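A.B. asks: What follows is a single structure, and I will ask about it in a moment.
The values are calculated or read from the model by the stated rules, or taken from the named source; none is laboratory data. Keep in mind that this is a model prediction, so the values were computed, not measured. Cβ placement follows ideal geometry from the backbone for every residue including glycine, while neighbour counts extend to all protein chains displayed. The accessibility values were calculated without ligands, DNA or RNA, using every heavy atom of the protein model including side chains. Shrake-Rupley method; radii C 1.70, N 1.55, O 1.52, S 1.80 Å.
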Amino acid sequence: MTTRVAVVTGGAGGLGRVIAATLLTDGFRVALLDRHGAPEAAGELGALGIDADVTDEQSVRAALDGVDERWGRVDALVNNAGVEPAHTLEDLDPTVWQGILDVNLAGPALMIKHCIPRFRRGRGGRVVSIGSRVWLGGGATAAYSAAKAGLVGLTRQAARELGPLGVTVNVVAPSFLRTPLNATKGDPAFVEGFARRFAAASPLSRLVEPLDVAAAVAFLVSDRARAITGETLHVTAGTHLAPYVA
Ligand SMILES: NC(=O)c1ccc[n+]([C@@H]2O[C@H](COP(=O)([O-])OP(=O)(O)OC[C@H]3O[C@@H](n4cnc5c(N)ncnc54)[C@H](O)[C@@H]3O)[C@@H](O)[C@H]2O)c1
């Protein structure tokens, strides 16, 4: 049987590493694309690491050519790269807005675009984009929430366009995770207070861990999920169900 190849963007980050490790365990060959630290992270995991910026089409093209050179195929794309710099609407800087939209929304669209010929060659494929619970509201920053909501629209459209190629396209929408993304949000006591309130608001009284998110991704890229497309799977320990204090 052919070994399937997965591409994970933002693969050197907190969640990306865990997704990559999970897919390796499931028998995929994995290429990590990241604008920081891809070769190092890949070396630790036994993956292929490629420096790439998902907002730059040339860089996306070169990275996927690199995957082709090594393995000649792409079977699954995990759009995981994301940024969430703090801002308020009142102080909105158009450059910050554009930067957030570029990484979180335009990046996944570019990655999908350049995977299409590979999926066509392989007669099928899987796309899973990492959204966020905040697309429903209750997020900290407007541009990030807007980008993650846009990702749901992109996914539903892509599911229709790529379905005839045998490609499923879905979103996994997590809630708060203890990763470097949140370490940039303030002092550790603030982040830990946030985490405590979040767990208290969960019907399951728990936080979500990167492994929980990776498990959902692993399911959606598997053959078992062949009939699921255009869907948004929340991995939030139930915090997307009701108003919560955060
Ligand atoms: N941490 C959370 O609480 C949380 C909650 C919900 C959703 N998410 C989503 O999970 C995903 C992973 O986030 P994380 O928590 O692991 O954060 P992280 O900061 O640890 O990792 C993000 C990775 O994306 C990479 N990246 C950023 N811009 C890039 C670009 N232009 N090109 C290539 N790589 C780029 C970074 O270098 C980093 O390695 C993101 O899409 C994020 O929005 C995170």
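A.B. asks: Does at least one position in segment 177-186 carry a residue that is open to solvent by 10 Å² or more (accessible area, probe 1.4 Å), more than 10 Å from the ligand (Cβ to nearest atom) and more than 18 Å from L233 (Cβ to Cβ)?
C.D. replies: Yes, there is a match, as at least one residue in segment 177-186 is open to solvent by 10 Å² or more (accessible area, probe 1.4 Å), more than 10 Å from the ligand (Cβ to nearest atom) and more than 18 Å from L233 (Cβ to Cβ).
A.B. asks: Looking at segment 147-185, which of its residues are among the β-branched types (V, I, T) and either touching a strand residue (DSSP E or B) at 6+ places or on another chain (Cβ under 6 Å) or assigned to a helix (DSSP H, G or I) (or both)?
C.D. replies: Residues of segment 147-185 among the β-branched types (V, I, T): 152, 155, 167-169, 171-172, 179, 184.
Those that are among the β-branched types (V, I, T) and either touching a strand residue (DSSP E or B) at 6+ places or on another chain (Cβ under 6 Å) or assigned to a helix (DSSP H, G or I) (or both): V152, T155, V167, T168, V169, V171, V172.
A.B. asks: Same structure again: Determine if segment 208-230 includes at least one residue that is in a strand (DSSP E or B), among the polar types (S, T, N, Q) and in contact (Cβ under 8 Å) with a residue 60 or more places away in the chain.
C.D. replies: Pass one, segment 208-230, residues in a strand (DSSP E or B): none.
No: segment 208-230 contains no residue that is in a strand (DSSP E or B), among the polar types (S, T, N, Q) and in contact (Cβ under 8 Å) with a residue 60 or more places away in the chain.
A.B. asks: Exactly one condition in (1) touching a Leu at 6+ places or on another chain (Cβ under 6 Å); (2) outside any helix (DSSP H, G or I); (3) open to solvent by 40 Å² or more (accessible area, probe 1.4 Å) is not met by G138; state its number.
C.D. replies: It fails just one condition, (1).
A.B. asks: Please specify each residue of segment 58-100 satisfying the condition of being open to solvent by 40 Å² or more (accessible area, probe 1.4 Å), within 26 Å of A142 (Cβ to Cβ), in contact (Cβ under 8 Å) with a residue 40 or more places away in the chain and within 16 Å of the ligand (Cβ to nearest atom).
C.D. replies: Matches in segment 58-100: P85, A86, V96, W97.
A.B. asks: Okay, next question. The conditions are (1) without any contact (Cβ under 8 Å) to a residue 40 or more places away in the chain; (2) within 13 Å of the ligand (Cβ to nearest atom); (3) open to solvent by 30 Å² or more (accessible area, probe 1.4 Å), and G49 fails exactly one of them. Which is it?
C.D. replies: (3)
A.B. asks: Residues that are open to solvent by less than 30 Å² (accessible area, probe 1.4 Å) and part of a loop (DSSP other than H, G, I, E, B): does segment 107-130 have at least one?
C.D. replies: As a first pass, look at segment 107-130 and keep what is open to solvent by less than 30 Å² (accessible area, probe 1.4 Å): 107-108, 111-112, 114-115, 118-119, 124-130.
In the following step, the residues that additionally are part of a loop (DSSP other than H, G, I, E, B) were identified as 124.
There is at least one residue in segment 107-130 that is open to solvent by less than 30 Å² (accessible area, probe 1.4 Å) and part of a loop (DSSP other than H, G, I, E, B).
A.B. asks: Considering each residue of segment 1-46, count those that are within 13 Å of the ligand (Cβ to nearest atom), in a helix (DSSP H, G or I) and open to solvent by less than 20 Å² (accessible area, probe 1.4 Å), and give that number.
C.D. replies: Summing the residues that are within 13 Å of the ligand (Cβ to nearest atom), in a helix (DSSP H, G or I) and open to solvent by less than 20 Å² (accessible area, probe 1.4 Å) in segment 1-46 gives 7.
A.B. asks: Another question, if that's okay. Please go through (1) open to solvent by 80 Å² or more (accessible area, probe 1.4 Å); (2) at pLDDT below 95 for A201 and return the number of the only condition it doesn't satisfy.
C.D. replies: Here A201 meets the rest and fails (1).
A.B. asks: Would you confirm whether any residue within segment 162-175 is over 17 Å from V78 (Cα atoms) and within 16 Å of the ligand (Cβ to nearest atom)?
C.D. replies: Yes, some residue in segment 162-175 is over 17 Å from V78 (Cα atoms) and within 16 Å of the ligand (Cβ to nearest atom).
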